[in-house]
Amino acid sequence: MCGIVGFAGKVPAAPILLDGLKKLEYRGYDSAGVCVYHAGSLQVAKKQGELKNLLAVTDNGATLPGNIGIGHTRWATHGAPSDENAHPHLSQDGKIAVVHNGIIENYLALKEMLLAQGVTFRSETDTEVVCNLIAMYYARSGNFLWSVQMTREVIVGSYALVILCADEPDTIIAMKQDSPLIFGQGEGCNFVASDVPAILKYTREVVYLNDGDLVVMTADSVRFLNRQSATVEKKTEHIAWDITAAEKGGYEHFMLKEIFEQPSAFAKTISPHIQDGKVVLDGVSFEERYLKNLSRIYVVACGSAYYVGCVGKYVLEKLCRVPVEPMLASEFHYCDPLCDENTLVLVISQSGETADTKLALLEAKRRGARTLAIVNVVGSAISKEADDVIYTWAGPEIAVATTKAYSTQLAIVYLLGLYMARLRETITDGEYDELLAAIQALPGQIAALLTEEKIQEIQDFAKKFHQAEDVYFIGRNVDNATCLEGSLKLKEIAYIHSEAYAAGELKHGPISLIVPGTLVVAVATHPDLFDKTMSNVKETTSRGADVLAVTTDAFADEIGKTAGQWVLIPETLPLLQPSLSVVPLQLFSYYVSLERGCSIDKPRNLAKSVTVE
Ligand code: M6R
């Protein structure tokens, strides 16, 4: 969602802020702005639309001299995307400038109070209210820090706020609650940002801030204060990954690059957890007794991460013989879930910041469940809140549509299943060894799906079907779970209406939507269910559907008897097949989106990290 960068240094701030905002574009935004202090006042430039509009009005930052400033990319919540609603917001008296990620829930009441005092507003945003609130306290006290602290006492909601004061032109104050914020220590300069890529060009030394933290920084100094206003020491973390990991590296889109990174991301994710032929999970401290008494696992997540949970249901239930319920995080919180100390709540999140998932995690903890998070972003809120964490090592994922994070989350689910099954004694040694060997073979098998020949095949199907208006994905068992992800990909990046149905369920209603020419994508990899899925495919072809099937090499001779066109994928054990069958679906969506001229990496209305409920 929104992105933030703040800079205090001894060189012009605007070009650095604009460069940082460029690195945050992937988060999804609809306007951008910067504010720089210069010659006694706070200068703001902001524009609706892409960052290039802001670059144009500021001549790439040249029209905004000054060595301290704040910048923002906005994803509209309160008020439409417009120049007025874009951040930074300036207080009516011009003394305070603010950028903000999050939502201030009580902003209407605060706005009324400020209106009654004669404050006028230029935007519809909650942020402008915060800005004028700080200005009100500042007008009374002349104390910048105190004014920000007072404001913190009054506002309710989620925020990463970064603030400038015209009377203290060397200082930036930032504070956070339920929205990500990091501090970056440079050479003769300091930064705050919502995400590492914004500042990685300038520093690798960062501090991940906690809820309630407040930062007071200048070019040469930094002070961290906790909620009780006591000065606290913070641990600096070194970022090991390189900025090139967050750049396109010659690919036309981040999404394509990230699809191609899947073999190495998968291998990097599993390798630290396999030692001497056994799964080791350092981030997890399950006692054997706890695992034996486990009565239920909830897998709680949103979007694609939830669909990993849908695969996880089949994998974990089959291996561990315990009921597994995938639940959308936005529903979990409000459904009075049955949790006790024998419940494991597994939360999955690439960003580790998704508000729905974080709230569900807190609710699970409140109800006494044990929580384990599978997270990609180190230091993220969810990684800090969960009892145990296992990281996926996918590297930064920039495209809004997830691919490599999805694949690496699946990898951890397989390892977790094996690990728990062994301790619960629900798997034989032979099965364990066979599965582990098959998991280790997956990176090579994924790579085999990314050859020029395979890509060409899928590109041809994309050319043929890119004008489809309704697409139905069908499959059984794990193939059904893979269909959910394939369908989401097509919706989000190609803007095509699509639905995923359990193949056997079509005849209970949705088959009435199949008319001549409707595209049906059938995923049929499970050897025991192939014939049954083919029967369902026939139900659609006899009503005129055009079928594109995804199946394994094992069915190369069979598939043409039922489906008009197909993609063959390598065979692995049925439970692991989703790691392979998802790849042609990702590529199909990518190339359909390309044919349709959609914004692949930044689809309309979407954001990479969804930090509002
Ligand atoms: O960061 P998270 O994994 O928690 O994000 C969850 C969903 O928002 C995310 O998977 C979303 O559905 C993706 N855009 C799908 O490609």
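Some notes on this structure:
- Of Val279, Val216, all but one fail to be buried (at least 18 other Cβ atoms within 10 Å of the Cβ), modelled with pLDDT of 95 or more, closer than 30 Å to Ile172 by Cβ and β-branched (Val, Ile, Thr); the exception is Val216.
- Residues of the stretch 533-548 that turn out to be more than 33 Å from the chain's Cα centre (by Cα) and part of a helix (DSSP H, G or I), as a count: 8
- Any hit, the stretch 374-382, residues being buried (at least 24 other Cβ atoms within 10 Å of the Cβ), within 12 Å of the ligand (Cβ to nearest atom) and within 24 Å of Arg321 (Cα to Cα): yes
- Note on the stretch 571-611: among residues that are of a type in the set (A, V, I, L, M, F, W, C), out of contact with any Gly (no Cβ under 7 Å at 6 or more places or on another chain) and part of a loop (DSSP other than H, G, I, E, B), the one that is farthest from Thr402 (Cα to Cα) is Leu573.
- The set of residues in the stretch 523-532 being within 21 Å of Val583 (Cα to Cα), in contact (Cβ under 8 Å) with a residue 40 or more places away in the chain and either in contact with a Ser or Thr (Cβ under 9 Å, 6 or more places away or on another chain) or surrounded by fewer than 17 Cβ atoms within 10 Å (Cβ to Cβ) (or both) consists of Val523, Ala524, Thr525, His526, Pro527.
- Counted residues, the stretch 386-435 - those being within 16 Å of the ligand (Cβ to nearest atom) and not in a helix (DSSP H, G or I): 16
- Residue match in the stretch 462-478 (condition: touching a Pro at 6+ places or on another chain (Cβ under 6 Å) and closer than 29 Å to Leu346 by Cα): yes
- Test for Thr551: is it hydroxyl-bearing (Ser, Thr, Tyr), within 33 Å of the chain's Cα centre (by Cα) and at negative phi: yes
- Residues within the stretch 111-146 that are crowded, with 17+ Cβ neighbours inside 10 Å and among the aromatic types (Phe, Trp, Tyr), tallied: 3
- Condition check for Ala494: away from the ligand (no atom under 16 Å from the Cβ), surrounded by 14 or more Cβ atoms within 10 Å (Cβ to Cβ) and within 30 Å of the chain's Cα centre (by Cα): no
- The combined condition, being of a type in the set (A, V, I, L, M, F, W, C), over 27 Å from Lys22 (Cα atoms), surrounded by 19 or more Cβ atoms within 10 Å (Cβ to Cβ) and modelled with pLDDT of 95 or more, is fulfilled by Ile155.
- Test: residue in the stretch 354-367 that is over 30 Å from Ala399 (Cα atoms), away from the ligand (no atom under 15 Å from the Cβ) and acidic (Asp, Glu): no
- Sub-7 Å Cβ pairs linking a first residue in the stretch 423-436 that is under 17 Å from Tyr290 (Cα atoms) to a second residue that is modelled with pLDDT under 95 and exposed (fewer than 13 other Cβ atoms within 10 Å of the Cβ), at least 6 apart or interchain, are Leu423/Glu288; Arg424/Lys292, ordered by first then second residue.
- Residue count for the stretch 132-191, restricted to those that are in contact with a Ser or Thr (Cβ under 8 Å, 6 or more places away or on another chain) and β-branched (Val, Ile, Thr): 4
- Out of Leu573, Leu568, Leu594, sole residue that is more than 30 Å from Tyr29 (Cβ to Cβ), in contact (Cβ under 8 Å) with a residue 40 or more places away in the chain and away from the ligand (no atom under 16 Å from the Cβ): Leu573
- Total residues in the stretch 186-201, condition at negative phi and either surrounded by fewer than 19 Cβ atoms within 10 Å (Cβ to Cβ) or among the hydrophobic types (A, V, I, L, M, F, W, C) (or both): 11
- Condition check for Ser285: within 14 Å of the ligand (Cβ to nearest atom), in a loop (DSSP other than H, G, I, E, B) and either within 19 Å of Ile390 (Cα to Cα) or not hydrophobic (A, V, I, L, M, F, W, C) (or both): no
- In a residue-by-residue description of the stretch 71-83, the property of being of a type outside the set (Gly, Ala, Ser), buried (at least 19 other Cβ atoms within 10 Å of the Cβ) and over 22 Å from the mean Cα position of the chain (by Cα) applies to no position.
- Residue match in the stretch 337-348 (condition: away from the ligand (no atom under 16 Å from the Cβ) and assigned to a strand (DSSP E or B)): yes
- Of all the residues in the stretch 335-368, those that are without any contact (Cβ under 8 Å) to a residue 40 or more places away in the chain and within 15 Å of Ser304 (Cα to Cα) number 1.
- The one condition in (1) surrounded by fewer than 24 Cβ atoms within 10 Å (Cβ to Cβ); (2) more than 29 Å from Leu416 (Cβ to Cβ); (3) within 32 Å of the chain's Cα centre (by Cα) that Gly564 fails to fulfil: (3)
- Output for the stretch 188-231, where each listed residue is of a type in the set (D, E, K, R), under 29 Å from Ile398 (Cα atoms) and in a loop (DSSP other than H, G, I, E, B): Asp195, Lys201, Arg204, Asp211, Asp213
- Flag for Ile474 being β-branched (Val, Ile, Thr), touching a residue at least 24 places away in the same chain (Cβ under 8 Å) and assigned to a helix (DSSP H, G or I): no
The values are calculated or read from the model by the stated rules, or taken from the named source; none is laboratory data. Keep in mind the model is a prediction, meaning the values are calculated, not measured. Cβ: placed from backbone, ideal geometry, glycine included. Neighbour counts: every protein chain shown.
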